[in-house]
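Colleague: Let me begin by handing over the structure; questions about it come next.
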Amino acid sequence: MTDSLDGVRLDYTAGVIPSGYRVYGSVATRRNSITVRQLSPRVLWVDVFGYQATVLIGANSAMLIDPLDDPRAHAIVELMRREFSVEISCIAYSHWHGDHIRGANSVLESTRWREPLSIVATEVCASEVRVRGIYPLPTIELRVGDSFDFEGIELRFSNVGGHTVDSTLINVVADGVAHCVDLVHPLQAEFFSFGAALGFGDYVRALEKLSEQKWTVLTAGHGDIGWPSDVQLALEYCAGLKRVTAEAVREVQSAPERATGDSPMAAAADLRKRVIASAVPKIERVWSARLPGLKFAVESHVLSVLDDILYFD
Ligand SMILES: [Zn+2]
């Protein structure tokens with residue numbers, strides 16, 4: 001194994017990682033390098049410039065879960081060919097977002113696998129991809145809960161939602177490896193508005209589904225290598241966030257002086273501003289040390305919960 005791929009720094013440590021292992025290091029450093037770790041004897045965690053895919057090494061070829069975008073997809077094809085002597089024969093999609101699947105075109109063009117590539121996704125994901133009409137369509141559509149066999153390795157696909165309607169948990173059952181992206185960000189605060197989640201309630205339900213399935217280690221798409229404790233931490237944070245935000249809403253709604261204006265949005269804007277002012281310092285005090293970067297996203301988190309309380313709950 002070399003320490004660079006076409007001039008890009010390649011950080012690979014052979015051997016299956018121990019339980020609870022973290023890559024650490026600055027995310028800014030990883031934004032310029034490729035980091036590879038072994039989650040099991042045949043499953044790799046591949047971080048290319050801060051985005052993560054999972055690769056299964058089969059007896060004859062490799063399966064790529066999330067082709068990412070370019071130039072990341074191209075880098076993974078080259079990495080597998082040159083460092084692991086294997087061609088990609090199969091792709092899976094975790095959800096329809098272009099930053100995680102746009103590179104499928106590049107994989108289709110550059111793989112030297114002798115047969116047409118299979119692209120696997122759930123029916124729900126396939127339907128989302130079809131509506132957009134810009135990315136290669138899945139060739140194998142699975143119903144919710146269906147399994148897929150890749151060279152004798154069983155993968156179970158289930159839609160958990162929370163981020164998009166088609167957000168899929170792909171579980172490599174025998175290896176205890178889960179691939180489920182854009183929901184949990186290990187060693188970081190959760191993303192702005194919980195990654196544009198459908199709604200805070202849906203987001204929490206997705207975390208619960210993720211925590212109910214049996215797996216040991218997680219490819220989360222961003223952040224560090226994930227473990228079940230990361231999902232528990234996110235659930236704990238959501239519970240605390242909801243409690244504090246609900247208290248702030250009650251406090252503000254019972255206050256005598258409420259702004260009104262000539263726009264129907266004025267009162268809503270005033271409520272949002274006051275709830276943020278009351279809830280954010282309390283949340284930061286409790287959670288900042290455990291969730292790096294929280295100060296950037298906490299206002300958006302409070303607003304997600306506020307919308308949930310006012311309109312969806
Ligand atoms: Zn996404």
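The values are calculated or read from the model by the stated rules, or taken from the named source; none is laboratory data. Please read these numbers as outputs of a predicted model, since none were measured by experiment. When we count neighbours, we look across all protein chains shown, and the Cβ atoms used for this are built from the backbone with ideal geometry, even at glycine.
Colleague: Have a look at L198, L241 and point out the one that is in the same structural domain as V181 (by TED's automatic domain parsing) and not hydroxyl-bearing (S, T, Y). Break it down stepwise before answering.
Modeller: Numbers: L241 fails: in the same structural domain as V181 (by TED's automatic domain parsing).
From the options L198, L241, the qualifying one is L198.
Colleague: Further question: Considering (1) in the same structural domain as L306 (by TED's automatic domain parsing); (2) at pLDDT 95 or above, say which one S211 fails and leave the rest.
Modeller: Single failed check for S211: (1).
Colleague: Further question: It is to be established whether one or more residues within region 88-108 are surrounded by fewer than 19 Cβ atoms within 10 Å (Cβ to Cβ) and either within 23 Å of D175 (Cα to Cα) or without any contact (Cβ under 8 Å) to a residue 12 or more places away in the chain (or both).
Modeller: No, the conditions are met nowhere in region 88-108.
Colleague: I've got another one for you. Take the conditions modelled with pLDDT of 90 or more and basic (K, R) and apply them to R42. Does it pass?
Modeller: The answer is yes for R42.
Colleague: Within region 19-58, work out how many residues are in a loop (DSSP other than H, G, I, E, B), under 18 Å from the mean Cα position of the chain (by Cα) and under 21 Å from D70 (Cβ atoms). Please lay out each step first, then the result.
Modeller: Pass one, region 19-58, residues in a loop (DSSP other than H, G, I, E, B): 19-26, 31-32, 41-42, 49-50, 58.
Next, only the ones that are under 18 Å from the mean Cα position of the chain (by Cα) stay: 22-24, 31, 49-50.
Checking which are under 21 Å from D70 (Cβ atoms) leaves us with 31, 49-50.
Residues meeting the conditions: 3.
Colleague: Going by what's in this entry, would R143 be described as closer than 16 Å to V55 by Cα, basic (K, R) and away from the ligand (no atom under 16 Å from the Cβ)?
Modeller: no
Colleague: Of all residues in region 275-296, count the ones that are within 13 Å of Y237 (Cα to Cα) and either in the same structural domain as G195 (by TED's automatic domain parsing) or of a type in the set (G, A, S) (or both).
Modeller: Number of matching residues: 2.
Colleague: Which members of region 158-169 meet the condition of being away from the ligand (no atom under 14 Å from the Cβ) and in contact (Cβ under 8 Å) with a residue 60 or more places away in the chain?
Modeller: Hits for region 158-169: nothing passes.
Colleague: Quick one: which helices (runs of 4 or more DSSP H) lie wholly within region 185-271 and hold at least 1 residues that are more than 30 Å from A73 (Cα to Cα)?
Modeller: Result: 200-212, 228-253.
Colleague: Among the residues of region 170-201, which ones are of a type in the set (D, E) and within 14 Å of the ligand (Cβ to nearest atom)? Give the steps one after another, and end with the answer.
Modeller: So the first thing to find is which residues in region 170-201 are of a type in the set (D, E), and the list is 175, 182, 190.
Scanning region 170-201 gives D182, E190.
Colleague: Determine if region 227-234 includes at least one residue that is in contact with a helix residue (DSSP H, G or I) (Cβ under 6 Å, 6 or more places away or on another chain) and not polar (S, T, N, Q).
Modeller: yes
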